[in-house]
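Worksheet for the structure shown next.
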Amino acid sequence: MKENELIRHQLFDLDWPMDQDGYVIDTDPEGRKVVRRRGGPLRYYRPLRDHPGLAREFSELREEDYIDFAGRFGLLGASFELGSSADDKEQVAEWFLRSKNIRDLLAAHDKGDQKTAVKIYNKTHHLLRTFVHAEETKKARIVVQPSTLFGAMILQVADELTTGIQFKRCSNCTTWFQHRANKNFCSDQCRYAHNNKRRK
Ligand SMILES: [Zn+2]
């Protein structure tokens, strides 16, 4: 089965931080709306391993959803990619543009318009880093890793564009999961929950 081929074989997952105290919408000194960390302790997670459908979820966000999304997955890493030193806040306008970027890309892909999808993809800017991975028992090898959460999500889209994997939305919650025939739920918990609701 072609399952997250690019991500599985050629990329290293990144550890991405999120503020355990959450995020707020704030105004920066220039008067622009920003998503800002509250400044609590950070917790790290692996977006590519734990949330394969994250790009789809991000693409559907409305502005009122930004705080909830940031609270679960952290900032996008936009300031890192722009070479700015600010890593505790990101402009709301930047979130909007990046979400629309992935939304347009997936809309073209879902329509079967590969030409447009590829054109949008190839214009999308994000950074990758490389490093040498050495385990005691194996030969050292070079690996590639996205630098930011946005980079990880755009690579999830690359996987969809190039390997034919498909995502489907859970019939119980809003999670996108990798499509398999006859499966309508992201997890057993959601299947039970949905069936229980129907029995009532
Ligand atoms: Zn679910």
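Looking at the structure I just gave you, is ALA108 in the same structural domain as GLY31 (by TED's automatic domain parsing), touching a residue at least 60 places away in the same chain (Cβ under 8 Å) and of a type in the set (A, V, I, L, M, F, W, C)? Considered against the rule, which asks whether it is in the same structural domain as GLY31 (by TED's automatic domain parsing), touching a residue at least 60 places away in the same chain (Cβ under 8 Å) and of a type in the set (A, V, I, L, M, F, W, C), ALA108 comes out as no.
Would you say PHE80 is among the hydrophobic types (A, V, I, L, M, F, W, C) and at pLDDT 95 or above? Here the answer is no, as PHE80 does not meet what is asked.
In the range 64-75 there is no residue that is touching a Ser or Thr at 6+ places or on another chain (Cβ under 8 Å), surrounded by 15 or more Cβ atoms within 10 Å (Cβ to Cβ) and modelled with pLDDT of 95 or more. Residues that are away from the ligand (no atom under 14 Å from the Cβ) and loosely packed, with under 15 Cβ neighbours inside 10 Å within the range 162-179 comprise THR162, GLY164, GLN166, listed in sequence order.
Taken together, LYS115, LYS119, LYS183, LYS123 contain a single residue that is within 16 Å of the ligand (Cβ to nearest atom) and without any contact (Cβ under 8 Å) to a residue 60 or more places away in the chain, which is LYS183.
Look at CYS190 and say whether it is over 21 Å from the mean Cα position of the chain (by Cα), without any contact (Cβ under 8 Å) to a residue 24 or more places away in the chain and within 16 Å of the ligand (Cβ to nearest atom).
Numbers: over 21 Å from the mean Cα position of the chain (by Cα): yes; without any contact (Cβ under 8 Å) to a residue 24 or more places away in the chain: yes; within 16 Å of the ligand (Cβ to nearest atom): yes.
Against the criterion (over 21 Å from the mean Cα position of the chain (by Cα), without any contact (Cβ under 8 Å) to a residue 24 or more places away in the chain and within 16 Å of the ligand (Cβ to nearest atom)), CYS190 qualifies.
Evaluate the following for SER147: is it within 11 Å of the ligand (Cβ to nearest atom) and in contact (Cβ under 8 Å) with a residue 12 or more places away in the chain?
no
So which of ARG98, ARG191, ARG129 is touching a Ser or Thr at 6+ places or on another chain (Cβ under 6 Å) and not acidic (Asp, Glu)?
Details: ARG98 fails: touching a Ser or Thr at 6+ places or on another chain (Cβ under 6 Å); ARG191 fails: touching a Ser or Thr at 6+ places or on another chain (Cβ under 6 Å).
It is ARG129.
If you check ASN196 against the conditions, is it within 16 Å of the ligand (Cβ to nearest atom), of a type in the set (S, T, N, Q) and either modelled with pLDDT under 85 or over 17 Å from HIS51 (Cα atoms) (or both)? It is true that ASN196 is within 16 Å of the ligand (Cβ to nearest atom), of a type in the set (S, T, N, Q) and either modelled with pLDDT under 85 or over 17 Å from HIS51 (Cα atoms) (or both).
Just wondering, is there one or more residues in the range 123-139 that are part of a helix (DSSP H, G or I) and either at pLDDT 95 or above or surrounded by fewer than 17 Cβ atoms within 10 Å (Cβ to Cβ) (or both)? Steps first, answer last, please.
Let us first name the residues in the range 123-139 that are part of a helix (DSSP H, G or I), namely 123.
Okay, now just the ones that are also either at pLDDT 95 or above or surrounded by fewer than 17 Cβ atoms within 10 Å (Cβ to Cβ) (or both), so 123.
For the range 123-139, residues part of a helix (DSSP H, G or I) and either at pLDDT 95 or above or surrounded by fewer than 17 Cβ atoms within 10 Å (Cβ to Cβ) (or both): present.
Considering only the range 148-157, I want to know if a residue exists there that is surrounded by fewer than 18 Cβ atoms within 10 Å (Cβ to Cβ) and either in a loop (DSSP other than H, G, I, E, B) or at pLDDT below 95 (or both). The answer is no, given that none of the residues of the range 148-157 is surrounded by fewer than 18 Cβ atoms within 10 Å (Cβ to Cβ) and either in a loop (DSSP other than H, G, I, E, B) or at pLDDT below 95 (or both).
The values are calculated or read from the model by the stated rules, or taken from the named source; none is laboratory data. Since the model is a prediction, treat every value here as computed from it, not as a measurement. Every residue, glycine as well, gets a Cβ built from its backbone with ideal geometry; the counts of neighbours run over all protein chains shown.
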